[in-house]
């Protein structure tokens, strides 16, 4: 999972890209980068770590341009190294191309092998370079046609922002797995981003989704829209469960309202006698509030969060995730002592966080801890941009709910039903990807499944 942003303006965009990336920091904390076009050349600056750590006043003196793109990275393909950070820059046919990508391709290796046989050299280990290489290869004077030919080759999830000459370009995969939005300010400035927060913070109106299969080109003449072949919409429902900011509205679903409704529904589906409802902050908080309101059990803050820590699920290694849980969340003994607790979280993926928290909450004096999860059990890998590459790492794929309860040390454990979660979207039709819950993949990940064997 990553975050992307692109801005087209009559003025310098570097600081706005910086602020926009900060509002997308929750989508990736391993690396960040900005690339701008200054009228003659593309200027790229990127590095490992948080946005605030990578850019300063000296950076902004260098990053002068009226059109640019930015990226925050969470690794799904390729290791955690600077050379795998984005945006990526390429030079072909006396043209510069810069590109940033959120998602994951399921057929990148076969295309990479083909391009290498043709003599192309790759500088990274990430699938994003395959997209960039194809666009550069297919460019014959018409950038939209080059993008269409690229989209005809690549399979999987991709929400892309790209610089070409003085143009800002964006395109989204036919299923719309990963979010992408566009907004325009009254002064004509155009912003494209993974979520609505950057658009609202920087100041745009007329915000809409970039549609699945849509190709957008922004230049001095305005905004131009074209389409590749359309397919069935399959927006990732885990965006609303966990990844998106609480204030995000993506493809017609508001994250806060969805999470709160999930808590209300789960309270009806899996009631339990208790004294307090506690959230695993932050993504679990609206759900816990909904559970508390529906059940009539008081909501309380029982876990103190270190606001300077990143998100534990998107840490790349198990050791980092376990340490991050301890640093990030600390039980509040004065609230928990002697109480029967309902602990509400958005999901259980590996079980690391839940086991650690329950153990520490009981050590702090909690009499009982009943775990309630506002998503169904995650039983299958995601091949579209979430770091769960193998079923061996998914606790629900290998154990029953009762076995999971014992492993994490909870007094009871319950998950929302698939029907309940879908009802919480308030959508009349099911346009969501639920592959991590039911194993039904809209785009068959044959190459990646083969790699696991």
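No lab work stands behind these numbers, since they all come straight from the coordinates. The shown structure was predicted, so the numbers you read here are calculated from the model rather than taken from an experiment. So basically every Cβ, Gly included, is an ideal-geometry build from the backbone, and we count neighbours across all protein chains shown.
Descriptive notes on the structure:
- For the pair region 261-300 and region 127-164, the centres of their Cα atoms are 45 angstrom apart.
- Region 254-429 shape via C-alpha gyration tensor axes, a/c threshold 1.5: rounded
- Rounded tilt (10° steps) of 255-269 against the dominant C-alpha axis of the chain: 30
- Fraction of beta bridges assigned by DSSP in the chain that are antiparallel (%, nearest 5): 80
- Computed from Cα atoms, the angle from the helix 128-138 axis to the main principal axis of the chain rounds to 30 degrees.
- Overall form of region 183-336: prolate. Here a/c, set by the Cα gyration tensor axes a ≥ b ≥ c, is 1.5 or more, and a/b is the larger of a/b and b/c.
- Taking packing as the residue-averaged number of other Cβ atoms within 10 angstrom, the listed peptides 96-102, 375-381 run from highest to lowest as 96-102, 375-381.
- Principal-axis tilt of helix 318-328 within the chain, Cα atoms, nearest 10 degrees: 70
- Exposure proxy ranking for 432, 55, 122, based on other Cβ atoms within 10 angstrom of each Cβ and starting from the fewest, stands as 122, 432, 55.
- Directionally averaged projected area (convex hull, Cα atoms, region 3-233), nm²: 11.3
- In the chain, the DSSP-assigned H stretches of four residues or longer account for a calculated mean residue ellipticity at 222 nm of -8500 deg cm²/dmol, using -39500 (n - 2.57) per stretch and the full residue count as denominator.
- Among 32, 9, 354, the ranking by other beta carbons within 10 Å of each residue's beta carbon, starting with the fewest, stands as 9, 354, 32.
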